[in-house]
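Starting off with a structure, shown below.
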Amino acid sequence: MASRTAIELRLAEAQPRLNPRRHRLVQATLENPDQTFFLSSRALARRYGVDPATIVRTIQALGYERFADFAADLREHFKARLTPYRILEAAAREKRSVADHVRHSVEQDMGNLSALSSALDPSRVVDLARRIHRSRRILVVGVDLAHALSSFLAYGLMPLGFDAEAPSGSSGALHHKVRLLGARDLVIAISFGRCLRATVEAVDEAKERGVPTFGITDSDTTPIARHCDQYLIAGIASSSFTGSYVAPMSLLNGVLVAAAQLKPRRSLALLRQSEREYLAGPRWYEQAPGRDSGTPAAGGRADDKRRARRGRAVAGDGG
């Protein structure tokens, strides 16, 4: 069972101060956070057919001084109760065709990218790149779906000469990796929303050992943002039950660009070592000489020959 959120704890503590009407109002709000956390106090009052003063008095009874503080906790409550099932259930209720769902998903991806572009402070990306350059070893921690992001970043850092790794496997293996780090190393942790326990615990263990930590997450209120020394934000909002990693991937591309451009001569010297491999050799697929895309594969040619032999035999019998 999920632990109670901050707003649920306040509701339990304020129970004696709430009359039944106000209790029902708060309960209805909590049961539909995806439809209420973005509303203003006036809009929330209209939704439940009460006057705005009732909303203000109700949140004050919960112990909030400002509606903005209530709205922030409501947002966190929504994120804490968000599951793949609830995301898909909400999307399925919308009156859209399958094609419209696809378009809407792409539009959400573009919205996340737009939000990243407008809110990003490039100097903070450069700060992370500088930390990377100063580090002896870099452990990029991403668990479950976020491992796709962590492995991408680690793979991109290695050709630039950095000892980067994105460990996979059990949480025990992850903790063993963290225990090998010291103050000259760096942990980059990637997790979103409520954040996965293994990732947050890896950050905490790294900090106990004096290892610098940097987070990639989707809000300044997530456990990763609160526990890491510094962090960057990229939204993952989506009607897809997997979330959208378009903006985080774009952010990681920015980190790689910054890491390469901080010392471009060094980066070029390192990448030059693999230049010959990129231009020739067994890395790339090559068609056999004399073949084009319209030529049948070997198996197809053999079938054609067999069919031709059968055709000649039939022709001989008929003669």
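The values are calculated or read from the model by the stated rules, or taken from the named source; none is laboratory data. Owing to the predicted nature of the structure, the values given are computational and were not obtained by experimental measurement. Note that we place each Cβ from the backbone using ideal geometry, even for glycine, and neighbour counts take in every protein chain shown.
Given the condition in contact with a Leu (Cβ under 9 Å, 6 or more places away or on another chain) and either outside the structural domain of R265 (by TED's automatic domain parsing) or part of a helix (DSSP H, G or I) (or both), answer yes or no: does some residue in the range 99-119 qualify?
yes
Which of (1) in a helix (DSSP H, G or I); (2) of a type outside the set (V, I, T); (3) more than 19 Å from C228 (Cβ to Cβ) is the odd one out, the single condition R124 does not satisfy?
Going through the list (1) in a helix (DSSP H, G or I); (2) of a type outside the set (V, I, T); (3) more than 19 Å from C228 (Cβ to Cβ), R124 breaks only (3).
Another question, then. Does D204 satisfy the condition of being among the charged types (D, E, K, R) and farther than 29 Å from A237 by Cβ?
Spelling it out, it is not the case that D204 is among the charged types (D, E, K, R) and farther than 29 Å from A237 by Cβ.
Can A198 be described as aliphatic (A, V, I, L, M) and within 19 Å of D229 (Cα to Cα)?
Yes: the conditions hold for A198.
Against the condition assigned by TED's automatic domain parsing to the domain that holds R266, out of contact with any Ser or Thr (no Cβ under 8 Å at 6 or more places or on another chain), touching a residue at least 12 places away in the same chain (Cβ under 8 Å) and over 23 Å from G254 (Cβ atoms), how does R179 come out, does it pass?
Yes.
Could you give every pair whose Cβ atoms fall below 8 Å, whose first residue belongs to the range 151-162 and is assigned by TED's automatic domain parsing to the domain that holds R131, and whose second residue is hydroxyl-bearing (S, T, Y), counting only separations of at least 6 or pairs across chains?
From residues that are assigned by TED's automatic domain parsing to the domain that holds R131, the pairs are S151/S168; P159/S274; L160/S267; G161/S267; F162/S135.
State the number of residues belonging to the range 270-281 that are over 19 Å from M158 (Cα atoms) and either in contact with a His (Cβ under 7 Å, 6 or more places away or on another chain) or modelled with pLDDT of 75 or more (or both).
Qualifying residue count, the range 270-281: 1.
Scan the range 172-196 for residues that are assigned to a helix (DSSP H, G or I) and surrounded by 14 or more Cβ atoms within 10 Å (Cβ to Cβ) and report the count.
The total comes to 4.
If you go through the range 49-68, how many residues are surrounded by fewer than 14 Cβ atoms within 10 Å (Cβ to Cβ) and either outside any loop (DSSP other than H, G, I, E, B) or touching a strand residue (DSSP E or B) at 6+ places or on another chain (Cβ under 9 Å) (or both)?
Residues that pass the stated criteria total 3.
Could you list, in sequence order, all residues of the range 255-274 that are farther than 16 Å from S150 by Cβ, touching a helix residue (DSSP H, G or I) at 6+ places or on another chain (Cβ under 8 Å) and small (G, A, S)?
Hits for the range 255-274 are A258, A260, S267, S274.
Out of (1) modelled with pLDDT of 95 or more; (2) at positive phi, the odd one out for D144 is which?
(1)
For the range 150-168, state whether one or more residues are farther than 29 Å from S267 by Cβ and either within 17 Å of the chain's Cα centre (by Cα) or assigned to a helix (DSSP H, G or I) (or both).
No - not one qualifying residue is present in the range 150-168.
Out of contact with any Asp or Glu (no Cβ under 7 Å at 6 or more places or on another chain), of a type outside the set (V, I, T), closer than 23 Å to T29 by Cα and modelled with pLDDT under 80, is that true of K79?
yes
Could I ask something else about it? Within the range 135-147, is there a residue that is within 14 Å of M249 (Cβ to Cβ), in a helix (DSSP H, G or I), without any contact (Cβ under 8 Å) to a residue 12 or more places away in the chain and not basic (K, R)?
No, that holds for no residue.
Which helices (runs of 4 or more DSSP H) sit wholly inside the range 197-279 and have at least 2 residues that are buried (at least 19 other Cβ atoms within 10 Å of the Cβ) and without any contact (Cβ under 8 Å) to a residue 60 or more places away in the chain?
Here the list reads 197-208, 223-227.
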